[in-house]
Amino acid sequence: MIKIALPDVASTESLAARLVSILPGDKSGFLILLQGELGAGKSTLARAMLQTMGVRGPIPSPTYTLVEPYEVTTDIIYHIDLYRLSGMEELDYLGWDDLRDGLILLEWPERVPQLMQQADLLIKLGYDGDGRTASLTHLSDRGSAMVSGWNR
Ligand SMILES: Nc1ncnc2c1ncn2[C@@H]1O[C@H](COP(=O)(O)OP(=O)(O)O)[C@@H](O)[C@H]1O
Ligand SMILES: [Mg+2]
C-alpha cells in the first residue's frame, strides 16, 4: 500500500495527473475504485483525472445518472457513482458488461463488494484535518504494474 498526504485540492490534482501519466496504454477494462466517505475527495480526484486526460467542459456528478461516459481521442472513460445502488444485480441491469470497454473511475464501490475481485486499483481517500490522505492498493497484475515504480 502507498500512502499519500493531500493537504489541499492542488495536491489532489497533482496526484490525479501522476496517476494518469502511469495508466496502462490500453486502458480498456481498467477499473479504479474510489473509496471514502462523503466529501473525502473522490469526485475531485476523478474530475482532475478526466481533465488531465483531455476532457473539456463541465464534468457533471454521476450521482443521479450513475454513469457519465467520456471519449477522448482513442480512450473511452466512464465516471460512475454507485451511491444510490445496492448490489451486483442492479449494476448488471445498468449494463455493467458493456462498460468494460473503457477505463472506469468508480465511486462508492462498497455498494457492490464483488467489484473488489474485478478491480485493478483501490484508492482510499480520508479526512486529515482540513486536508485529505490517499492510499493506493493494487488489486491485479495490471494495477501492480502501474504503481510498482511509485517510490522510485
Ligand atoms: N486534498 C484536499 N484537501 C482539502 N479539500 C479537498 C481535498 N480534496 C477535495 N477537497 C474538497 O472536499 C470537498 C468534497 O469533495 P468531493 O470530491 O466532492 O468528495 P466526494 O466525491 O468524496 O464526496 C470539495 O469541496 C473539495 O474541494
Ligand atoms: Mg462524489
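The values are calculated or read from the model by the stated rules, or taken from the named source; none is laboratory data. Being a predicted model, the structure only gives us computed values, none of them experimental. Counting neighbours? That spans all protein chains shown, and the Cβs are built from the backbone with ideal geometry, glycine included.
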Residue list for region 1-21, filter: more than 8 Å from ligand 1 (Cβ to nearest atom) and among the hydroxyl-bearing types (Ser, Thr, Tyr) = SER14, SER21
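Here is a yes/no grid of residues against (1) modelled with pLDDT of 95 or more; (2) in contact with a Lys or Arg (Cβ under 8 Å, 6 or more places away or on another chain); (3) closer than 16 Å to GLY143 by Cα; (4) among the hydroxyl-bearing types (Ser, Thr, Tyr):
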residue	(1), (2), (3), (4)
LEU6	yes, yes, no, no
SER61	no, no, no, yes
THR73	no, no, no, yes
ILE80	yes, no, no, no
ILE104	yes, no, yes, no
Within region 117-133, residues being in contact with a Lys or Arg (Cβ under 7 Å, 6 or more places away or on another chain), closer than 11 Å to GLY36 by Cβ and buried (at least 17 other Cβ atoms within 10 Å of the Cβ) number 2
For ALA40, the lone unmet condition from (1) within 14 Å of ligand 1 (Cβ to nearest atom); (2) without any contact (Cβ under 8 Å) to a residue 60 or more places away in the chain; (3) touching a Phe, Trp or Tyr at 6+ places or on another chain (Cβ under 7 Å) is (2)
Going by the structure shown, is TYR83 under 14 Å from PRO62 (Cβ atoms), free of Cβ contacts under 8 Å to residues at least 40 places away in the same chain and either in contact with a helix residue (DSSP H, G or I) (Cβ under 7 Å, 6 or more places away or on another chain) or surrounded by fewer than 18 Cβ atoms within 10 Å (Cβ to Cβ) (or both)?
-> yes
Could you run through region 17-49 and say how many residues are small (Gly, Ala, Ser) and within 14 Å of ligand 2 (Cβ to nearest atom)?
-> 7
Hey, any hits in region 125-134 for a residue that's under 16 Å from LYS3 (Cα atoms), assigned to a strand (DSSP E or B) and aliphatic (A, V, I, L, M)?
-> yes
